[in-house]
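Down below is the structure, laid out as C-alpha cells.
The values are calculated or read from the model by the stated rules, or taken from the named source; none is laboratory data. A quick note: this is a predicted structure, and the numbers were derived from the prediction, not measured. A quick note on method: Cβ atoms are made from the backbone with ideal geometry, for glycine too, and the neighbour counts reach across all protein chains shown. Ligands, DNA and RNA are stripped out before the accessible areas are found, and what is left, the full protein with its side chains, is counted by its heavy atoms. Shrake-Rupley method; radii C 1.70, N 1.55, O 1.52, S 1.80 Å.
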Amino acid sequence: MLTVKQRDLLLLIDRHLKASGVVPSFDEMKDALGLRSKSGIHRLITSLEERGFIRRLPHRARALEIIKLPEGISSEPAPEPAAAFHPNVIAGGFKRQIAGAPVAEHSEAVSVPLYGKIAAGTPIEALSDLTASIDIPASMLTGGEHYALTVEGDSMIEAGIFDGDTVLIRKTDTVENGAIVVALVDQNEATLKRLRRKGESIALEPANPRYETRIFGPDRVSVQGRLVGLLRRY
C-alpha cells in the first residue's frame, strides 16, 4: 500500500510523462506535493522504486519509467506549477542550414540563426558570430527576434535541458524573476541559467545540485534573451 505522498508523486509522474514525454523536475515535484526540500522527493522515488511502481533508466538524467499504477487508480490532469519552465520539445528530424542557405520550403518552418554552443555548466566565452541557421516550427516562435544555441553541459538537467539539446531564445534584455535566460557575465562569458534578483544582486541558478548558484552585482550581468523552446535529437 502506498502513502498519500507516494501515490500523489506516482500519479504526477505518470500524468507528466503522458502529456509531455518527460519526467517533471525535482523542483516541480516538490512544489506540486507541497514539500520543503528535494530530499523528500528522493526518498519518495526510492520507495516507489523499491515497491516496483517505477524504474530508473540508467545513464539518463531524470529518466523514470512507470511500471504500474495502484489498482483502481487512474491519472487525471494535474495543475502545473505557475513558475516552472516546461520545455517545448520538438524531437528528432530537424535540419540545420549553413548561413546563407535559403529558408526552408515548408510554410510552417522558420529559419533562425544558430550561434553555436552555450554552457549549461561552466560559463564559456560569449558567442556572437553566426555559424549556421536552423529550421524552427513557426508555432514555437513567440514574437520578436529569435536565435538558437546548442547546450553544452548538464547544470540545467532538472529543468529538462540536457547536454546536446538545442534551445530557442527570444532576444530581450528584460525578463521576469525566475526566468531561464542567456546571461552575459562581465561582457565576455555567456551561460544558460535561471535568473533571480535578490536585492541589489543577481543570482544565476543552475538546475542541478552538483553546481552552485553564482551571485553578481547588477552591473556585471546583462540578459541576452529568454528561453522559449527546446529541440532534441533522439
_Residue under question is N208, and the condition is that it be loosely packed, with under 15 Cβ neighbours inside 10 Å, touching a residue at least 40 places away in the same chain (Cβ under 8 Å) and not hydrophobic (A, V, I, L, M, F, W, C); does it hold?_
no
*Of all residues in the stretch 187-197, which are modelled with pLDDT under 90 and of a type outside the set (G, A, S)?*
Q187, N188, E189
_Against the definition (free of Cβ contacts under 8 Å to residues at least 40 places away in the same chain and either open to solvent by 20 Å² or more (accessible area, probe 1.4 Å) or closer than 15 Å to G160 by Cβ (or both)), how does K38 come out, yes or no?_
no
*Scan the stretch 175-205 for residues that are surrounded by 16 or more Cβ atoms within 10 Å (Cβ to Cβ), touching a helix residue (DSSP H, G or I) at 6+ places or on another chain (Cβ under 8 Å) and charged (D, E, K, R) and jot them down.*
R194
*So, of the residues in the stretch 1-34 that are basic (K, R) and open to solvent by less than 60 Å² (accessible area, probe 1.4 Å), which turns out to be farthest from I157 (Cα to Cα)?*
R15
*Are there any pairs, at least 6 apart or on different chains, whose C-beta atoms fall under 9 Å, with the first in the stretch 109-121 and within 17 Å of M140 (Cβ to Cβ) and the second outside any strand (DSSP E or B) and modelled with pLDDT of 85 or more, and if so, which?*
V112/E145
*All but one of (1) surrounded by fewer than 18 Cβ atoms within 10 Å (Cβ to Cβ); (2) hydroxyl-bearing (S, T, Y); (3) in a loop (DSSP other than H, G, I, E, B) hold for S222; which doesn't?*
(3)
